[in-house]
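Report on the structure given below.
Nothing in this text is a laboratory measurement; each read-out follows from the coordinates by a stated rule. What you see is a predicted model; the values in this text were computed from it and never measured. Every residue, glycine as well, gets a Cβ built from its backbone with ideal geometry; the counts of neighbours run over all protein chains shown.
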């Protein structure tokens, strides 16, 4: 159980660190498609960490766990694709 | 690893995420027709405040996850204290959100200003309702097992609620991650 507490703490530190990277990418990266790609990739990664380490989605029915990971990836990819299409004008 | 059969909370989370997912896609679809307006309006949002609030929810989520772990060990007093700590941290989110809304409304930016701000108030407003519901759940969980039930029944019931309430709170956190990315960061300079 101590291992789980340490795991949750490590996940928290990781989430704070990659949140900062995402925020900085939006502010500092000049190439917009790279910045937006990084922002959505990091958002999906953060949600995956929350699903696995905080929510312990492995304890959910298997279909729901798969659906939630699929939803995360799907939203990130579609948002990026729609941003890309809009940028092409 | 023990699997739940089909607890209602997981179905609720899947459905709620689906609803928000549809809202995100409608937002992006509207944006495709008004890119300049959406980017210009996005610059009026305070991204550092949104980032700060993301960190607040992540920290609160961690404390709630910790409470859930110790609760399963039967350390209910520690779980209660961690729930209180999670609530205390999460209350900062509400203060920041109120400040943010006040900053927008005081310069005349309302739901009628343009399509971007219609989505801004709708997405953050619906999320805020989820947040407030979650705070009520955390407040109930911070009371510990019911003193009105036999001890064994109270503990079993508390554990079920602790797990379900924690899962709901993590959902509030993960929804904010997408809301923050889509509203605040995509249009940033």
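Here is how the numbers come out for the structure above:
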{"read-out": "Per-selection Kirkwood Rh - the range A:2-88 (Cα, Å, 1 d.p.)", "value": "14.2"}
{"read-out": "For the range B:37-189, projected area of the alpha-carbon convex hull averaged over all directions, nm²", "value": "9.1"}
{"read-out": "Crossing angle, helix A:32-49 versus chain A [Cα axis fit, 0-90 degrees, rounded to tens]", "value": "10"}
{"read-out": "Helical contribution to [θ] at 222 nm, DSSP H n ≥ 4, -39,500 (n - 2.57), averaged over chain A, rounded to 500", "value": "-28500 deg cm²/dmol"}
{"read-out": "Proxy reagent accessibility, fewest Cβ within 10 Å first, across B:39, B:173", "value": "B:39, B:173"}
{"read-out": "Rel. contact order, % - alpha carbon contacts under 8 angstrom, at least six apart, chain B", "value": "34"}
{"read-out": "Under the Debye formula (equal points on every Cα, no solvent term), log10 I(q)/I(0) of the range B:1-66 at q = 0.12, 0.18, 0.24 Å⁻¹", "value": "-0.58, -0.98, -1.09"}
{"read-out": "Within chain B, helix-based [θ] at 222 nm, where runs of 4 or more DSSP H residues each add -39,500 (n - 2.57), nearest 500", "value": "-27500 deg cm²/dmol"}
{"read-out": "Alpha-carbon Rg/Rh ratio, for the protein assembly as shown, with Rh computed the Kirkwood way", "value": "0.99"}
{"read-out": "Nitroxide proxy distance, nm - points 7 Å out along Cα→Cβ at residue B:110 and residue B:91", "value": "3.2"}
{"read-out": "Tilt relative to chain B, helix B:76-106 - C-alpha long axis, 0 to 90 degrees, to 10", "value": "20"}
{"read-out": "Label point at residue B:118 placed 7 Å out along Cα→Cβ; residues across the range B:6-35 whose backbone nitrogen lies under 16 Å", "value": "B:23-35"}
{"read-out": "Residue order, fewest to most beta carbons within 10 Å, for B:124, A:72, B:110", "value": "B:110, B:124, A:72"}
{"read-out": "Relative exposure of B:129, A:82, B:32, judged by other C-beta atoms within 10 Å (fewest first)", "value": "B:129, B:32, A:82"}
